Ligand SMILES: N[C@@H](CCC(=O)N[C@@H](CS)C(=O)NCC(=O)O)C(=O)O
């Protein structure tokens, strides 16, 4: 049975949410897990308990809400002192634990930023490639128009039977011209 008054608003795949879940499990605290639909469909309850950052995880203990996973983990450690100890007692070791927690967080954040930038760059490249393909197609159509006109003009005087290789060479020349190559 869930311990009365302990509710965790989280997201199953979030490392920040998992951090708090592991702390609660180490302390053997029963809690009710509210799986949030992040980022587009946050519950009213989550927004009510965390109007500042509107992020998960949020721990609500006896009606008191707390945000920020590291803050919550330290709170859990102190609020249930009899369970498995999470933070070291020694001040230097405690400071080191905080350093590594923050270091991991910064790494996650910068990786997320890089991923977003790469996604944008990919989208931009896709657009450029699509434009090149469209330009190439219209160029190809133009080439066949010109070729057809030439053929009609000669009207059988001489056979303009271009070989496949000739086509490819001409196409390549035209494309190079269009793309600014020499
Ligand atoms: N520094 C925060 C990070 C929490 C965080 O980034 N949560 C994300 C999910 S992994 C979130 O709620 N995002 C929703 C939003 O940005 O609107 C912590 O440690 O709790």
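The values are calculated or read from the model by the stated rules, or taken from the named source; none is laboratory data. What you see is a predicted model; the values in this text were computed from it and never measured. As a convention, Cβ positions derive from the backbone with ideal geometry for all residues, glycine included, and neighbour counts pool all protein chains shown.
Every residue in region 105-135 that is in contact (Cβ under 8 Å) with a residue 24 or more places away in the chain and either loosely packed, with under 10 Cβ neighbours inside 10 Å or outside the structural domain of residue 171 (by TED's automatic domain parsing) (or both), please.
We begin by selecting, within region 105-135, every residue in contact (Cβ under 8 Å) with a residue 24 or more places away in the chain; these are 105, 108, 132, 135.
Of everything in region 105-135, those that are in contact (Cβ under 8 Å) with a residue 24 or more places away in the chain and either loosely packed, with under 10 Cβ neighbours inside 10 Å or outside the structural domain of residue 171 (by TED's automatic domain parsing) (or both) turn out to be 105, 108.
Would you mind listing the helices (runs of 4 or more DSSP H) fully within region 1-116 where at least 3 residues are away from the ligand (no atom under 15 Å from the Cβ)?
Because the criterion is at least 3 residues that are away from the ligand (no atom under 15 Å from the Cβ), the helices (runs of 4 or more DSSP H) in region 1-116 that meet it are 69-79.
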